[in-house]
1. Which one is modelled with the highest pLDDT, of the residues in the range 1-36 that are of a type in the set (Phe, Trp, Tyr) and buried (at least 22 other Cβ atoms within 10 Å of the Cβ)?
2. Do the conditions hold for His180, that is, is it over 13 Å from the mean Cα position of the chain (by Cα) and touching a residue at least 60 places away in the same chain (Cβ under 8 Å)?
3. Among the residues of the range 114-127, how many are in contact with a helix residue (DSSP H, G or I) (Cβ under 6 Å, 6 or more places away or on another chain) and surrounded by 16 or more Cβ atoms within 10 Å (Cβ to Cβ)?
Amino acid sequence: MPSSGSPPCHSIFVGHNPSMHTWETGHYYANPSNRFWRLLEESGIIDGNDPKLDDVMVENFGFGFCDVIETPGNDANMISRRDFTQNAPSFLKRIDNYALSMNGTLKRICFVGKRQWKQLFHPILAHCNHGKQSHEHRPPNWPDSLNGIDVWILPSPSGRAVLSNEDRVSPYHDLACEIHSF
């Protein structure tokens, strides 16, 4: 999460937890098999696909990063429902505090993968589509300060996620169109 002294963000990308490679390098989506940076470039969200760009994403592009769970690991299957349930309140508090500190500049929260969004619901949300989500559909305990902020669900960029390139890029392209329309 960008510090409150950072330039304002218009978008936050939310993962479920940092990979060991991310944790060790200090850069989000740093694993070479992860397609995140290529998706941002291919969709037109940013120019360049270097994982070290996360150091300047706030200042140069207005993007920030955080994870629902702050414990590193490479196997998403090892993250239990209990882990999400225990970490959801602190995640929502971090997002809420950040949004309040930005005085209205935060426009969208982009979940990079469906799982972390679905796990915020009780019971777990059975289905959601990629793309912008309805403002009427928010999880319990969703902070009031986030009610006017768009939520986007983007396909997982993991090399393990099975999607065609077109299906994977399309929601990122839609996001790029919205970002660049302002």
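The values are calculated or read from the model by the stated rules, or taken from the named source; none is laboratory data. Computed from a predicted model, the values in this text were never measured in an experiment. All Cβ positions, glycine included, derive from the backbone under ideal geometry; neighbour counts span all protein chains shown.
1. Of all residues in the range 1-36, those of a type in the set (Phe, Trp, Tyr) come to 13, 23, 28-29, 36.
Filter again for buried (at least 22 other Cβ atoms within 10 Å of the Cβ), leaving 13, 28-29, 36.
Numbers: Phe13: 93, Tyr28: 73, Tyr29: 76, Phe36: 87.
My answer is Phe13.
2. Spelling it out, His180 is indeed over 13 Å from the mean Cα position of the chain (by Cα) and touching a residue at least 60 places away in the same chain (Cβ under 8 Å).
3. The number of residues fulfilling the criteria is 2.
Each row is one residue, and each column tells you yes or no for (1) more than 29 Å from Asn31 (Cα to Cα); (2) loosely packed, with under 11 Cβ neighbours inside 10 Å.
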{"site": "Thr105", "(1), (2)": "yes, no"}
{"site": "Val112", "(1), (2)": "no, no"}
{"site": "Val151", "(1), (2)": "no, no"}
{"site": "Asp167", "(1), (2)": "no, no"}
{"site": "Pro171", "(1), (2)": "no, no"}
{"site": "Leu175", "(1), (2)": "no, no"}
{"site": "Ser181", "(1), (2)": "yes, yes"}
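This table checks each residue for (1) assigned to a strand (DSSP E or B); (2) aliphatic (A, V, I, L, M).
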{"site": "Asp96", "(1), (2)": "no, no"}
{"site": "Asn103", "(1), (2)": "no, no"}
{"site": "Cys110", "(1), (2)": "yes, no"}
{"site": "Phe121", "(1), (2)": "no, no"}
{"site": "Leu125", "(1), (2)": "no, yes"}
{"site": "Ser134", "(1), (2)": "no, no"}
{"site": "His137", "(1), (2)": "no, no"}
